[in-house]
Amino acid sequence: MGKPPQNTVPPAPPARPDDAHKGIFGTVIVVGGCETMIGAPALCAAAALRTGAGLVKIATWPGVLPYAITIEPGATGIELEDDATANVDRIDAADAKGSAVLAVGPGIGQSDRARMLVGALLQSDRPTVLDADGLNLLAAMDQSAINTDRPLVLTPHPGEFERLAAAVAVALPINAKPENDNGRIDAAARLADAYHCVVLLKGARTVVADQSRVYVNETGNPSMATAGSGDVLTGAVAALMAQGMTAFDAAALGAEAR
């Protein structure tokens, strides 16, 4: 594949009119959490609210939900069950207009119920940001079952990137362990091509790529190398998409702002 054009200038943030109300800034539904990772969906929801989403809902299991919305009281809750189809119906019922952006994966784990839910959501038409164990579950799935005809952002760290690259290595060889900036740019662009999506490859000089463009983030510092920062990034990107930004621009600005 040819080398896509590279940019280091972040896009402008969404406008915030003086007469605005929460109904015009979109909805984010965070799907994640499990009994041993309660804070992750709450951090994601908090970031989405602070990045300007009008409404944020946390969809998680009954043993997690009360604690998650206590950590982030600005969010409301959607209680999930073990049946994936019923859970998709509950998410649809909580967003009757079908316009919400999904932030899937923070703290969700790799249980059977998580695998079935992530698989069902990846077949939907909803714009989605996929992170954490959502990415690990994706890497283990039949890629033909994924709906790529909707905005999709994958936000892997290097280990998750390696697993995603291995899953599509036969169709499109990807350097799963790039060691320099040029290698990271090429690898992210190839993964974006393979999954027909936007890839946000985290790390020093985070790379955002789709099938035709690359953005390289030149900010950040080692203090961000800590648990929870990825959950915050996912919430920020989803919130920017909910406010009308394209998936690529939202990923680029989210990487800049987190």
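With 149, 133 as the choices, which residue is under 19 Å from the mean Cα position of the chain (by Cα), in contact (Cβ under 8 Å) with a residue 24 or more places away in the chain and farther than 28 Å from residue 7 by Cα?
Numbers: 149 fails: farther than 28 Å from residue 7 by Cα.
Exactly one of 149, 133 is under 19 Å from the mean Cα position of the chain (by Cα), in contact (Cβ under 8 Å) with a residue 24 or more places away in the chain and farther than 28 Å from residue 7 by Cα, namely 133.
Of everything in segment 92-110 that's farther than 20 Å from residue 43 by Cβ and in contact (Cβ under 8 Å) with a residue 24 or more places away in the chain, which residue is surrounded by the fewest Cβ atoms within 10 Å (Cβ to Cβ)?
From segment 92-110, those farther than 20 Å from residue 43 by Cβ are 92-99; that's our starting set.
So of that shortlist, the ones also in contact (Cβ under 8 Å) with a residue 24 or more places away in the chain come out as 94-95, 98-99.
Details: 94: 16, 95: 17, 98: 9, 99: 11.
The selected residue is 98.
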(request) Could you grab the pairs with beta carbons closer than 8 Å, sequence gap of 6+ or different chains, first residue in segment 1-15 and closer than 22 Å to residue 191 by Cα and of a type in the set (Ser, Thr, Tyr), second one crowded, with 17+ Cβ neighbours inside 10 Å and at pLDDT 90 or above? (result) 8/215; 8/216; 8/217
(request) Residue by residue through segment 229-246, note down the ones that are surrounded by fewer than 24 Cβ atoms within 10 Å (Cβ to Cβ) and either of a type in the set (A, V, I, L, M) or more than 22 Å from residue 108 (Cβ to Cβ) (or both). (result) 232, 243, 244, 245, 246
(message) Just to check your reading of the model, which residue among 49, 43 is over 14 Å from the mean Cα position of the chain (by Cα) and part of a helix (DSSP H, G or I)?
(response) 49
(message) Among the listed residues 2, 77, 98, 39, identify the single one that is in contact with a Ser or Thr (Cβ under 8 Å, 6 or more places away or on another chain) and either under 24 Å from residue 111 (Cβ atoms) or modelled with pLDDT under 95 (or both).
(response) 77
(request) Only helices (runs of 4 or more DSSP H) wholly contained in segment 103-176 count here; list those with 2 or more residues that are polar (S, T, N, Q) and within 19 Å of residue 87 (Cα to Cα). (result) none
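Looking for whichever is surrounded by fewer than 17 Cβ atoms within 10 Å (Cβ to Cβ), of a type in the set (Ser, Thr, Tyr), under 17 Å from residue 106 (Cα atoms) and without any contact (Cβ under 8 Å) to a residue 40 or more places away in the chain here; the options are 226, 219. Which one fits? Steps first, answer last, please.
Values: 219 fails: under 17 Å from residue 106 (Cα atoms).
Being surrounded by fewer than 17 Cβ atoms within 10 Å (Cβ to Cβ), of a type in the set (Ser, Thr, Tyr), under 17 Å from residue 106 (Cα atoms) and without any contact (Cβ under 8 Å) to a residue 40 or more places away in the chain holds for just one of 226, 219, which is 226.
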(request) Kindly list, by first and then second residue, each pair from a residue in segment 32-53 that is farther than 9 Å from residue 236 by Cα to a residue that is of a type in the set (Val, Ile, Thr) and not in a strand (DSSP E or B), limited to pairs with Cβ atoms under 6 Å and residues at least 6 apart or on different chains. (result) 32/108; 33/64; 38/64; 42/71; 43/232
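For every residue, the table says whether it meets (1) of a type in the set (Val, Ile, Thr); (2) on the phi > 0 side of the Ramachandran plot; (3) out of contact with any helix residue (DSSP H, G or I) (no Cβ under 7 Å at 6 or more places or on another chain).
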{"position": "130", "(1), (2), (3)": "no, no, no"}
{"position": "136", "(1), (2), (3)": "no, no, no"}
{"position": "155", "(1), (2), (3)": "yes, no, no"}
{"position": "175", "(1), (2), (3)": "no, no, no"}
{"position": "180", "(1), (2), (3)": "no, no, yes"}
{"position": "206", "(1), (2), (3)": "yes, no, no"}
(message) Being more than 23 Å from residue 254 (Cβ to Cβ) and aliphatic (A, V, I, L, M) is the requirement here; does residue 15 meet it?
(response) no
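The values are calculated or read from the model by the stated rules, or taken from the named source; none is laboratory data. Everything numeric in this text was worked out from a predicted model, so none of it was measured. In this analysis, Cβ positions are derived from the backbone assuming ideal geometry, glycine residues included, and neighbour counts consider all displayed protein chains.
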